[in-house]
Structures are given as C-alpha cells and as structure tokens.
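Comments concern the structure below.
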Amino acid sequence: MIRLNFGALGKVAAAGLLLASLCAPVYAQQTNDNSGANTDPRGHGRSNDYGKTNNNESGALLEDIYTRTWYCDLSVASKSSSGCEVGASYNRPPVPPNQFDPLYITVPLGFTVPPMDMQCPQGLVCVDHPGTIDLSRIGGPANTVTPGHDHFTTTTNQGAPEFWDVFVVGVKNRQTYDAIEAHRSFSYIEQLIKSGNPNVTKPIPTNLFLYFAVRPVGSI
C-alpha cells in the first residue's frame, strides 16, 4: 500500500470565490470547510457546467474546456460522499477504453502552494470536478475536499472533447513542484520518476474521469 504524508492537504487555503455571471463560464465554487460535505449525487455531478481551467501539455500552457460533469465508477468501494477514490482504478469506465486518455494531476504533499498559483486551487472546487474524494488507500482522509492540483495531458485529442482517466502524482517539496510547473510537460515528470527522484510519486490510479476538450488559450 502506498503511504504518503498529506500534511497540508487537510488545510483549506484562503482563496477568493471566483464569481461568474449567468452568461459566463463557471470556473470554481468555494468550499466552506474540510468536512467532506458534498451535495452532488454519488458517481457524478448534479449538472453539466461550462467552464475552463488551464492545462500543461508538451511544454505549453493550454486550456481545458469543460462541457460535461465528472464520473466516478461506483463499483469501486469508496468512503467519500462523491464515490470518488484515489488508489484504486475503475472497473467500469464511462465509455470504451479506446475513447479516453490519461490525465495526470500533480498534488502538493506536506507543503502549501498559494491558491492562485494552482490551476485548481486548494479550497475551491473546479468546474465539473467532484467536491470530495477518498484518500484513505494512500494514507489520507477517507472523505475530504478534493485537494488543489494542476493538470497534465499527453495529447490534445485534436481539440475534441472526451473523458480523461485521472491519475494522481504526489509532489513532496515546493522546489520540485515549481520545476514541474516550469517544464509544463508530463515527460519531465516521467524523467523524474525514472531517475528515482524521491520527491515525486508514480502515477496513482483513481476511479475518476473528467470530461473536457484541450484547446489553445483564448481559442474560445
């Protein structure tokens, strides 16, 4: 079993609520506490929202365009209110395996990153993301607010929307985290892992899928 020191994950960072008008994209909603409260149904979000986050791909900063809610495979045992689990892969994907690609999210372990330096800040729930997740298989809380993170893809799928199979990469110090952000590439993370760098974990599977299209910044 993988055991990690989550340290700062349980602390909700102070962050301003990102407001959107009725005609504008929804980006994030503020979490009120770290109790794991979640108003979505288990296994998926309550609605399909439209919004954006940033994304890192092959050294470039891109945008993820969300138009459909998240999915977590409820055949996987989970203690979170959302049904989302880190440390166990899916059994039943939302679409056939040839219709999705991996998404790697980097999560700070044992240190804090200023909220606005993250693509999905700690203390905010990004658009079409689950509000809670179970980290108990890797030594964290069983039902906690989804931690702040950044996104890394290995393909743009030619800009077409699709489901993305989420893997967690834990990063154990700020220097390594900043270096990963500067490279904006999963290939750099792979280099760190292959070299035996102790400050990054191997990708940890989840039963979570997100749905978005990867596009150049400002294309929509």
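How many of the residues in the range 147-181 are within 25 Å of Asn197 (Cβ to Cβ) and not in a strand (DSSP E or B)?
14
Go through the range 67-76 and give me each residue that's in a loop (DSSP other than H, G, I, E, B) and either charged (D, E, K, R) or crowded, with 16+ Cβ neighbours inside 10 Å (or both).
Arg68, Thr69, Trp70, Asp73, Leu74, Val76
Being under 15 Å from Ala179 (Cα atoms) and among the aliphatic types (A, V, I, L, M) is the filter here, so list the residues in the range 110-127 that pass it.
Matches in the range 110-127: Val113, Met118.
List, please: which pairs have Cβ atoms under 6 Å, are six or more places apart or on different chains, and start with a residue in the range 126-152 that is over 28 Å from Arg184 (Cβ atoms) and end with one that is assigned to a strand (DSSP E or B)?
Matching pairs, first to second residue: Asp134/Glu85; Ala142/Asp134; Asn143/Thr132.
Just for the range 196-220: of the residues that are of a type in the set (A, V, I, L, M) and assigned to a loop (DSSP other than H, G, I, E, B), which one is farthest from Leu62 (Cα to Cα)?
From the range 196-220, those of a type in the set (A, V, I, L, M) are 200, 204, 208, 210, 213-214, 217, 220; that's our starting set.
Remaining after also requiring assigned to a loop (DSSP other than H, G, I, E, B): 217, 220.
Numbers: Val217: 5, Ile220: 12 Å.
The selected residue is Ile220.
Can you pull out the residues in the range 28-66 that are assigned to a strand (DSSP E or B), closer than 15 Å to Leu210 by Cβ and at pLDDT below 80?
Ala28
Answer yes if at least one residue in the range 184-195 is within 29 Å of Gly83 (Cα to Cα), in a strand (DSSP E or B) and modelled with pLDDT of 95 or more, and no otherwise.
For the range 184-195, residues within 29 Å of Gly83 (Cα to Cα), in a strand (DSSP E or B) and modelled with pLDDT of 95 or more: absent.
Among the residues of the range 162-191, write down those that are free of Cβ contacts under 8 Å to residues at least 60 places away in the same chain and over 21 Å from Thr112 (Cβ atoms).
Within the range 162-191, Tyr188, Glu190, Gln191 meet the criteria.
Condition check ((1) in contact with a Lys or Arg (Cβ under 6 Å, 6 or more places away or on another chain); (2) under 16 Å from Val214 (Cα atoms); (3) at pLDDT 95 or above) across all residues:
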| site | (1), (2), (3) |
| --- | --- |
| Gly83 | yes, no, yes |
| Gly87 | yes, no, yes |
| Asp101 | no, yes, yes |
| Pro108 | no, no, yes |
| Leu124 | no, no, no |
| Ala160 | no, yes, yes |
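In the range 109-123, how many are hydrophobic (A, V, I, L, M, F, W, C) and either under 11 Å from the mean Cα position of the chain (by Cα) or surrounded by 15 or more Cβ atoms within 10 Å (Cβ to Cβ) (or both)?
Initially, the range 109-123 is screened for residues hydrophobic (A, V, I, L, M, F, W, C), giving 109, 111, 113, 116, 118, 120.
Then keep just the ones that are either under 11 Å from the mean Cα position of the chain (by Cα) or surrounded by 15 or more Cβ atoms within 10 Å (Cβ to Cβ) (or both); that gives 109, 113, 118, 120.
Result for the range 109-123: 4.
Please identify the pairs in which a residue from the range 85-109 that is in contact (Cβ under 8 Å) with a residue 12 or more places away in the chain and of a type in the set (D, E, K, R) has its Cβ atom under 8 Å from the Cβ atom of a residue that is part of a loop (DSSP other than H, G, I, E, B) and buried (at least 19 other Cβ atoms within 10 Å of the Cβ), counting only partners at least 6 apart or on another chain.
Listed by first residue and then by second, the contacts come to Glu85/Val76; Glu85/Ser78; Arg92/Asp73.
Give the range 77-108 a look and list any residue that's among the hydrophobic types (A, V, I, L, M, F, W, C), in a loop (DSSP other than H, G, I, E, B) and surrounded by fewer than 22 Cβ atoms within 10 Å (Cβ to Cβ), or say none. Please lay out each step first, then the result.
Of all residues in the range 77-108, those among the hydrophobic types (A, V, I, L, M, F, W, C) come to 77, 84, 86, 88, 95, 100, 103, 105, 107.
Still in the running and in a loop (DSSP other than H, G, I, E, B): 77, 84, 88, 95.
Once the filter is applied, which keeps residues that are among the hydrophobic types (A, V, I, L, M, F, W, C), in a loop (DSSP other than H, G, I, E, B) and surrounded by fewer than 22 Cβ atoms within 10 Å (Cβ to Cβ), the range 77-108 yields Ala77, Ala88, Val95.
The values are calculated or read from the model by the stated rules, or taken from the named source; none is laboratory data. Keep in mind that this is a model prediction, so the values were computed, not measured. Because the Cβ atoms are built from the backbone with ideal geometry, glycine has one as well, and the counts that use them run over all protein chains shown.
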